[in-house]
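Just so you know, all these numbers are worked out from the coordinates, no wet-lab data involved. Quick caveat, the model's predicted, so the values are computed rather than measured. Here the Cβ positions follow ideal geometry from the backbone for every residue, glycine too, while neighbour counts run over all protein chains shown.
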Amino acid sequence: GIAKGVLNAKTAEEILQILKDPENPKGVESTRKQIIAHKQVIDEADSRIQLVAYEGGHHLALANLGRNQRKYIDKHPQLKYEKLALFKKAIEHKEMGEITKQLYQVWLEEDGKQFNNFYMPQSFHEWGSLGLSLSLSDTKTPRYQAASEYARIFEAREKNGNGAKASDKSRHKSGNHK
């Protein structure tokens, strides 16, 4: 499974490929489908309800491994440190910014409103990386850069009143909505 793939990964690029694997139940494609499904439920229930996120965003953490994989990695501290080092490299990889942009793009296409990003700047620690950057002054990480770019897009969209109508056009034009 996916957890086994993470345990077998040798490079940051392999970790990123796992995130982009369409079969990964915690990957980009699965998250995209979940956002679309949530929006459909909202629209069917009451069109006045908005799609919002509290502590939105993504992270790489060993806690996301299955219970057996966590037990295994806890018994092998060197493997744990190796995987955390790979996670750190993956978080800092420019491709992580592209993954972040893909997730924000779905949010735009589905007319997502308030998105409270889980920011929590912190150093990389034994569980992985949960925030957008390593410190308050660290504005160069790919995830932080993507979040800043899309924050400007969200703000402009809301300021100009480009809600569902604009996103419906882009969604259908791009063919991304299923």
*Would you mind putting 135-141, 109-115 in packing order, based on average other-beta-carbon counts within 10 Å, highest first?*
109-115, 135-141
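Gln50 to Glu23: extension gain in nm, 0.36 nm per residue of separation minus the Cα-Cα distance?
In short, 6.8 nm is gained.
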*Say R0 is 22 Å: what FRET efficiency, to the nearest 0.05, do Ala63 and Lys113 get from their beta-carbon distance?*
0.15
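Using every Cα-Cα pair within the chain, state what percent have a distance larger than 22 Å.
Percent of Cα pairs beyond 22 Å in the chain: 49.
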*Do any GluC sites (Glu not before Pro) in region 2-107 lie in a DSSP loop with no more than 15 other beta carbon atoms within 10 Å, and if so, which?*
Glu23
_Loop sites in region 44-101: trypsin sites (Lys or Arg not before Pro), DSSP, at most 16 other Cβ within 10 Å_ = Arg48
